[in-house]
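Here's the structure, in structure tokens; my notes come after.
Bear in mind that the values in this text are calculations on the coordinates, not laboratory data. Everything quoted here is computed from the prediction, not taken from an experiment. Quick reminder, even Gly has a Cβ in these numbers, built from the backbone with ideal geometry, and neighbours come from all protein chains shown.
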Amino acid sequence: MSINQSGASSTRGPALYVPTSLDYTPTAPAPEFLDSVQLRGIQLPLSPAPEAWHRLGKSQPCTATLKLTYSSTVAAAAADDVSLTLDYGKLYRRIESDLAKHDTPRHQTASIAGIEYEEFKAEAAGQNPRITASIIASAAFDLLHDSALAQAQTVGTISNSHITGSEWTITADRCEVTLHLPKAILRASEGLKYRNVTAWGCPAEKSGAEQRTLIVIEEEFRIDGIRCYPVLGVNPHERLEKQAVIVSLVFTGAAHFARVLETYQEVTRAVAEKVDETSFLSVESLVAFIARIVTVDFGNEHVTVHAEKPSALAFVEGSGVEITRSRTFFQNEAR
């Protein structure tokens, strides 16, 4: 593999190519400078959106944070000239416009394994945080592309650095989008969170914007702030009454995210209600119990469970345990 610097293509259009395999690990170092523009706390009233009371067509608050990493702001810093960098005002307006106009990303989206996200073609952006995040990332990369074209004659300005493999080329630029829907789940005080990291990809033997696909490199769902009240602990005073336990669930791996989106409200309710009825000596047993509910009872492939006791130690804000378990683990354990 090699890394090369090139100007962006002047053509635009939807990416139509979906790879059958993907190799993006560089054998050469990354570009010398990778700088970032960030927008934090973008307010996005989504309609329709996941709603805790299961009512259809209701707007929900959503806060988005974007970090667009690219090469580079060196020229802008040296000249103290904002025209030589990415305009974050234009970035916000491009995101706002695309979210208002489009229910799906303007570019095809695929996983790091090269599998196209077929559900993006059938679902509305508000109902699926993955689509919303991909629309935001697509808008950010389009603006980066346009800015590179506008500055193509200026040495050292925005450039598109590529990591090239035998079948696939991925830009060194990255877009990280985090969405927070604080009122999506009744039994989770911090609601639903989604994060993804994307890059542009195109076939190694081809070039041009018409060949680009939005490649999702990382993504996760989080449910934080599930407050439960089990009897928990080995000390005599802990056996006398229930205490608060704060539970978080983290899901990774795009292959089963459709199941996560189908079940996250029911999963949260089941965890809260079932844990309230339990009595455990150890937090380790409690988190294993929760992981079994999420994977075995609801068919999720795997989950990371974090449980914390805020009242266990007088001078410690919280003490807890975190585990990651798969459905296969529990199935093998039962044999």
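A simple rule links phi to the HN-Hα coupling: the Karplus curve 6.51 cos²θ - 1.76 cosθ + 1.60 with θ = phi - 60°, which for region 176-185 gives 9, 10, 10, 10, 10, 10, x, 10, 7, 9 Hz, with x for Gly and Pro. Computed over the alpha-carbon atoms, region 229-333 gives an Rg to Rh ratio of 1.00, Rh here being the Kirkwood radius from the mean inverse distance.
Length gained on full extension, Arg269 to Thr324: 17.8 nm, using 0.36 nm per residue less the C-alpha separation. What is the sum of charges around Lys309, taking Lys and Arg as +1, Asp and Glu as -1, for the other residues whose C-beta is under 11 Å from the C-beta of Lys309? Overall, the nearby charge balance is -3. Charge tally for Thr328 (other residues, Cβ to Cβ under 14 Å; Lys, Arg +1; Asp, Glu -1): +2. Overall dimensions of region 167-298, expressed as equivalent-ellipsoid semi-axes from the Cα gyration tensor (√(5λ), whole Å, largest first), are 41, 14, 12.
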